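Here the structure comes first, spelled out in C-alpha cells, and everything after it is commentary.
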Amino acid sequence: MSDKKTYSPIGVFDSGYGGLTILKEIVKELPEHDFLYLGDNARAPYGSKSFEEVYDLTLECVKQLFDQGCHLVVLACNTASAKALRNIQQKDLPNIDPTRRVLGVIRPTTELAGNYTKTKHIGVLGTAGTVLSQSYPIEVSKFHPEIKVYQEACPLWVPIVESGKQNADDTDAEVKKHIDVLMSRSPKIDTIILGCTHYPLLINKIKKFVPEYVTLITQGEIVAKGLKDYLQRHPEMEAKCSKNSSIEFLTTGDASFFDENGGKFFGKEIKSKHLQL
Ligand code: DGL
C-alpha cells in the first residue's frame, strides 16, 4: 500500500471489466506509476443507457477517483468517452478543479486508424451508445477525411462479458451475426476497430468469424502509448502522479466475482474492494 500522503494514482475507469484490457497495457508502458481502477460493474452495461445517464454515472465515478487522490483519470470506456468526456472536460472540470484532467480512448484510437487500412474502409464494432453518438466517424474524419467508416452495434456483447460467458459455445452465433452484418456493409473493409474495451475479452470468438485479411485493432496498446506520450508532454501532471508501482481495484459490484472474472483478463491476480455508490 502506498503512502496516503503522497498517493496520487492514475485513475482508470470503465463500466465494468473492459478497462482492464486497457490498464494491462498501460501498466506495461508506465510500470512505476500507481493506478486505481474503478469498474462500475453494478450499473453496467452503459451502452444501452441514455446520454444523460452515462454522463451522470461517469461523472460520479470520476469524482470518486478524484476523492481518492487521482489527478488524472482515463475513461477506459468508449461509451463514457463518447457520451460524457466532453461535458466533463468543458463543464465540470473548471468547477471541480481546473488542474485535474480526464482523458478518453476514442481520440487516440482514431488518430492512428490511418496506419492500418490500405483500402481506406474501416469497420467499427461498439455499443449502441457509441455507435449512435457517431463519435468514431466524426473523429476519424478529423484526422483522416479520406477514410470511410462503417459501424455495427453489438448490444449483447458487454452483458456476455460481464456475466463471464465470453467463452461459452452459445456466444458464437451472436458474435458471428454482427461481424457478418458489418462485413456486408462494404467488401472493402480491411480493418476493424474493436470500439468497446470489453470486446478484446471476446477476441477468440471474433477472430473465428472475421476474414483473415482484416486487421483487428484493439485499443490497449494505442491508449497506453498515448498516455505515456501525454505525460511526457505534460511534465506538471507527470510530477503529480505518485510512483510506487501499486495497482488497486475498486468495483461497485461483488468484489469476489470481480476478482475471479477480472483476474483472467488482467493476467494477474486481482484483489478488489467493493465501493458502494
Ligand atoms: N467497455 C465499455 C466501452 O468501451 C462498455 C460499455 C458498456 O458498459 O456497455 O464502451
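Structure values in brief
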read-out	value
Proximal lysines to residue 91, defined as alpha-carbon separation beneath 16 angstrom and excluding residues fewer than eight positions away on the same chain	63, 83
Added length on full extension, which subtracts the Cα-Cα distance from 0.36 nm per residue, residue 228 to residue 120	36.1 nm
Carbon plus sulfur fraction of accessible area for segment 1-97, probe 1.4 Å, in percent	46 percent
Cα long-axis angle, helix 172-185 against the chain (0 to 90 degrees, to the nearest 10)	70 degrees
Rg/Rg_globular for segment 140-277, with Rg_globular taken as 2.2 N^0.38 Å and Rg from C-alpha atoms	1.28
Accessible area of segment 118-277 divided out per residue, in Å², using a probe of 1.4 angstrom	48 Å²
Nearby aspartates and glutamates by direct alpha-carbon distance to residue 142 (threshold 15 angstrom, same-chain neighbours under 8 apart not counted)	111
Around residue 176: net Lys/Arg minus Asp/Glu count, Cβ-Cβ under 13 Å	-2
Residue among 112, 202, 27 farthest towards the positive dipole end of the chain, charges placed on Cβ	112
Interatomic Cα distance distribution for the chain, bins of 10 angstrom, percent	7, 31, 37, 20, 5, 0
At most 16 other Cβ within 10 Å, DSSP loop - GluC sites (Glu not before Pro), segment 193-277	212, 269
Radius, Kirkwood style, for segment 97-197 when every pair of distinct Cα atoms is counted (Å)	14.7 Å
DSSP-loop chymotrypsin sites (Phe, Trp or Tyr not before Pro) across segment 206-277, with at most 16 other Cβ within 10 angstrom	213
Burial ranking of peptide ranges 133-139, 270-276 (average Cβ count within 10 Å, highest at the top)	133-139, 270-276
Residue-averaged [θ]222 nm for the chain, counting only DSSP H segments that reach four residues, each worth -39500 (n - 2.57)	-12000 deg cm²/dmol
Inter-site label distance for residue 99 and residue 204 at 7 Å from Cα along Cβ, in nm	4.7 nm
Relative contact order (percent, whole number), segment 86-200, Cα cutoff 8 Å, 6+ residue spacing	34 percent
The chain - percent relative contact order, Cα under 8 Å, separation 6 or more	28 percent
Relative contact order for segment 137-219, counting Cα pairs under 8 Å that sit 6 or more residues apart, in percent	31 percent
The chain - charge dipole about Cα centre, Lys and Arg +1 at Cβ, Asp and Glu -1, debye rounded to 20	580 debye
Simple spin-label estimate for residue 165 and residue 269 in nanometres, 7 Å along Cα-Cβ	3.1 nm
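The values are calculated or read from the model by the stated rules, or taken from the named source; none is laboratory data. Note that this is a predicted model, so its numbers are computed, not measured. Because the Cβ atoms are built from the backbone with ideal geometry, glycine has one as well, and the counts that use them run over all protein chains shown. Surface accessibility is based on the protein's heavy atoms, side chains included, excluding ligands, DNA and RNA. Shrake-Rupley method; radii C 1.70, N 1.55, O 1.52, S 1.80 Å.
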